[in-house]
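Please treat every number below as a calculation from the coordinates, not as lab data. Because the structure is a prediction, the values reported are computed rather than measured. Virtual Cβ from ideal backbone geometry, glycine too; neighbours counted across all protein chains shown.
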C-alpha cells in the first residue's frame, strides 16, 4: 500500500487551476519554461486539506510557507489574507466543500535567462493553486505501509536545510526511488549521525512501552501533522518524546506509523523486512481518533 494512494475521482478532469489569480481548465493550465520553479526548483509549497468547507490548520500552513519564502529571500507579493482568499475562491469556483487536497506552489517567478541568480528574475512570483477531489484509500486491519531504510541521509542545514518545504526535493526523490526498487512503499531516512530522521514524504513515529517517539526534529521538516500529533499526545497525557533513536529501536517497537497532511496517521506494517509489533495497534487507533477529533474541532464540525 503506497503512502499516497487515493480514490480516483472523475471530477478532477474538469477542475479549474489558479495561476497568478486566473483560473484555467486543467488542460490549459501552463507555466513558462523560464519559470524559476521549472528551471531550478526555486520555490516553496504546501499541501492543504479542505474539510467541511474549512481549510484545516491553514494558519500553520501559511506561516510555514511565508517563513520558507523569507528564508529564500523571496517576496510572495500577497499578504496571508490575500493568499487565503485566493485559495478559498479557487475552491468555491470548483464547487468544493470536502475531501479535497490542495497543492499550493510559489516559485520565484520568470527568469530573463535559464540561470540560478535570483537577480535575473523579471516577474513577480508564480503562484499556482491545484485543488483536487482526493481521499486516501482506507487501511484494513491487516494493512500497513512498508518502509526501506535508504542510504540517502537527511543533511545538515548548512548544506540544504531540511526544515524548508522547498521545491528542491531531489534527495527525497533519490530515497523514494531506492525504496521503490526494494518493493517498499516509502523510504526511511537517517540523519548524519545514524539516528532515524523521517521518511521521504511523511514523518515517522514509533510506539514503545506506551510511549510515542519521533525524531529530534533537527533533520526533518516540522510537519504540520507531525506537530499536531505531538500536541494531541500532550493534551491526552500520552508520553511523547522528540529524541534520537536507532533502527534497532524501530525493529523492536510495539507499533509504528507515519503522518502527513494527505492521509493523516497511517500504520507501518514492516521496516526493512521486520514486521513491527503484533498488529493490534492499540495506541495508534487511539491517536487516529484523537487526530480526527482535532480536525473536526479545527474545522468547526463539532460546533
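What FRET efficiency do you get for residue 6 and residue 234 if R0 is 25 Å and r is their Cβ-Cβ distance, rounded to the nearest 0.05?
Details: r = 31 Å, r/R0 = 1.22.
Efficiency computed from Cβ-Cβ geometry: 0.25.
Helix-only mean residue ellipticity at 222 nm, the chain, DSSP H runs n ≥ 4 weighted -39,500 (n - 2.57), per residue, nearest 500. What is it? All intermediate terms of the calculation are to be shown ahead of the outcome.
On the way: 8 runs with 83 residues, N = 303.
Roughly -8000 deg cm²/dmol at 222 nm, from the helical runs in the chain.
Taking the 0 to 90 degree range and rounding to the nearest ten, how far is the long axis of helix 58-71 tilted relative to the main principal axis of the chain, both from C-alpha atoms?
The helix 58-71 is inclined about 70 degrees to the chain.
Could you give the length gained by full extension between residue 70 and residue 82, i.e. 0.36 nm per residue of separation minus their alpha carbon distance, to one decimal place? Walk me through the intermediate numbers first.
Values: separation 12, 0.36 × 12 = 4.32 nm, distance 1.72 nm.
Value of the extension gain: 2.6 nm.
Just order 12-24, 166-178 by mean Cβ neighbour count inside 10 Å, highest at the front, would you? Each step should come with its number before you reach the end.
Working: 12-24: 15.4, 166-178: 17.5.
Descending mean neighbour count gives 166-178, 12-24.
By how many nm would the segment from residue 216 to residue 168 grow when fully extended, if each residue of separation counts as 0.36 nm and the alpha-carbon distance is taken off? It would help to have the intermediate numbers written out before the result.
Numbers: separation 48, 0.36 × 48 = 17.28 nm, distance 2.26 nm.
Working it through step by step, the gained length comes to 15.0 nm.
Highest mean first, what order results for 201-213, 31-43 on Cβ atoms within 10 Å?
Numbers: 201-213: 20.3, 31-43: 18.7.
Going by the mean number of other Cβ atoms within 10 Å, highest first, we get 201-213, 31-43.
In degrees from 0 to 90, rounded to the nearest 10, what is the angle of the helix 224-235 Cα long axis to the longest principal axis of the chain?
Between the helix axis and the principal axis of the chain, the angle is about 40 degrees.
Ranked highest first by average number of other Cβ atoms within 10 Å, how do 231-238, 287-294 line up? Kindly include the intermediate steps, with their values, before the conclusion.
Working: 231-238: 14.1, 287-294: 16.9.
Ranking the peptides 231-238, 287-294 by packing returns 287-294, 231-238.
Figure the gain on full extension for residue 292 and residue 183 (residue separation times 0.36 nm, minus the Cα-Cα span) and round it to one decimal in nm.
Details: separation 109, 0.36 × 109 = 39.24 nm, distance 3.04 nm.
Gain on extension, residue 292 to residue 183, equals 36.2 nm.
Using only the alpha-carbon atoms, how far is helix 282-298 inclined from the longest principal axis of the chain? Give it as 0 to 90 degrees, nearest 10.
Taking Cα atoms only, the helix is inclined about 30 degrees.
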